[in-house]
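Peer 1: I'd like to ask some things about the structure below.
A short reminder: the numbers here are calculations on the coordinates, not readings from a lab. Nothing here was measured: the structure is a model prediction, and the numbers come from that model. No Cβ is skipped: glycine too gets one built from the backbone with ideal geometry, and neighbour counts run over all protein chains shown.
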Amino acid sequence: MNIDKNEVLRYLGYKQGKTKISSSMLEKIDYYISLGITLAEPNTCYRILNKINFKPKGVELPEVELVLPGQDISNHLKNCNKVCLVATTIGRQLEDKVSELFNHEEYAGGTILDAVGSDAVEKAADQLQEELKLKAKKQGYHLTWRFASGYGDLPLDINSKLASVVSANSIGITVTESNMLLPQKSILGIVGFSATETDTPLADKCAYCNAVDCAYRNRSDKCAKHNGKD
């Protein structure tokens, strides 16, 4: 697994040209990137659904009696003939180590390793995306990028249903009563198969997230819908 050091720095709040980092801190980051790679246990699963019904306020997946509510997911899948639900996790080892570091008051190390975990699960999900792209191509389709609950108006409370349909528990993912995923470094996503569009690039997911004040945002302005864009 390759970890993007620049992404780790972004998760840590680093702003290029503004934030100064000592050489000792860079060495510490390199150390925890190496450690994170050894602790991460990437695992994925997915399920392809062959029928989509578009409703006035969402998308229906009749094979599994699931409705994805909201206009944003409808827009995302508008040119698609199939939907693939995906689940990705890097397991509990890394998170357990983060907890251990914090318990021993090694706050810098814990924070860095947590950031490494965030990039690790994204990289695992991206790798699955590439595998699905090849599968889709053989069937004459192109993929959309990965959409998730919490993006736009797709609510977090859809997580339990998504997890059930994709059998996320088979790779150790559970959903809490507050709709959060455990292990925390896990992803549930929705990918569209389109026969008419070219492959869409990995979009700026921050533009679809409602947490406009999040420190991890990779945009300095507000999200697109707050800028008067669709």
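Peer 1: Can you give me the orientation-averaged projected area of the convex hull built on the Cα atoms of region 87-176, in nm²?
Peer 2: That works out to 7.3 nm².
Peer 1: Same structure again: Helix-derived [θ] at 222 nm for the chain: sum -39500 (n - 2.57) over DSSP H runs of at least 4, divide by residue count, nearest 500?
Peer 2: -11500 deg cm²/dmol
Peer 1: Given a Förster distance of 30 angstrom, what is the FRET efficiency for residue 92 paired with residue 30, based on the Cβ-Cβ distance and rounded to 0.05?
Peer 2: Computed FRET efficiency for residue 92 and residue 30: 0.80.
Peer 1: Could you state the per residue volume, in Å³, of the convex hull enclosing the Cα atoms of the chain?
Peer 2: Once divided by residue count, the hull of the chain is 136 Å³.
Peer 1: For region 1-147, what relative contact order do you get, as a whole percent, if you take Cα pairs closer than 8 Å and at least 6 residues apart?
Peer 2: It comes to 30 percent, rounded to a whole number.
Peer 1: Now for a separate question. Quick check: residue separation of residue 5 and residue 107 times 0.36 nm, minus the Cα distance between them. What number comes out in nm?
Peer 2: In short, 34.8 nm is gained.
Peer 1: Now, a different point. Can you grab the distance from the C-alpha centre of region 122-172 to the C-alpha centre of region 47-99, Å, no decimals?
Peer 2: Their Cα centres are 6 Å away from one another.
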